[in-house]
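Here, each number is a calculation from the coordinates, and none is a lab measurement. Predicted model, so just to flag it, every value in this text is computed and none were measured. Note that each Cβ is placed from the backbone with ideal geometry, even for glycine, and that neighbours are counted across all protein chains shown.
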Amino acid sequence: MKIIILGAGQVGGTLAENLVGENNDITLVDTNGDRLRSLQDKFDLRVVQGHGSHPTRAA
């Protein structure tokens with residue numbers, strides 16, 4: 001399943017961790033590049049740095 005998670009904080013990061021273990025295609029969107037890199041290094045997921053509600057990011 002393809003899943004987009006807006007926010008890589010405690011809730012978004014934990015959600016991504018749980019869903020990536022179920023063989024899902026996860027994309028994580030957040031403005032915090034350090035947090036995104038940290039999660040990407042730990043898990044097999046895609047990251048997008050920016051505001052999830054910005055129209056150009058959603059495309």
Point to revise | ³J(HN,Hα), Karplus 6.51/-1.76/1.60, whole Hz, each residue of the range 28-36, x for Gly, Pro | key: 10, 10, 7, 8, 8, x, 5, 5, 4
Review point. In whole percent, what relative contact order does the chain give with Cα contacts below 8 Å and a gap of six or more residues?
Key: 32
Revision key, fill the gap. Summed over the other residues with a beta carbon less than 14 angstrom from that of residue 39, with K and R at +1 and D and E at -1, the charge totals -1
Exercise for review: Report ³J(HN,Hα) in whole Hz for each residue of the range 43-48, in order, from the Karplus equation J = 6.51 cos²θ - 1.76 cosθ + 1.60 where θ = phi - 60°; Gly and Pro get x.
Suggested key: 10, 8, 8, 9, 10, 10
Exercise for review: Quick one: which residues, 5 or more positions from residue 5 or on another chain, have an amide H under 5 Å from its amide H? H modelled 1.01 Å from N in the peptide plane, none for Pro or chain starts.
Suggested key: 27, 28, 29
Practice item. Note down the nm distance, to one decimal, between modelled labels 7 Å out along Cα→Cβ at residue 51 and at residue 2. Key: 2.5
Review point. Got a sec? How would 38, 53 order by Cβ neighbour count within 10 Å, fewest to most?
Key: 53, 38
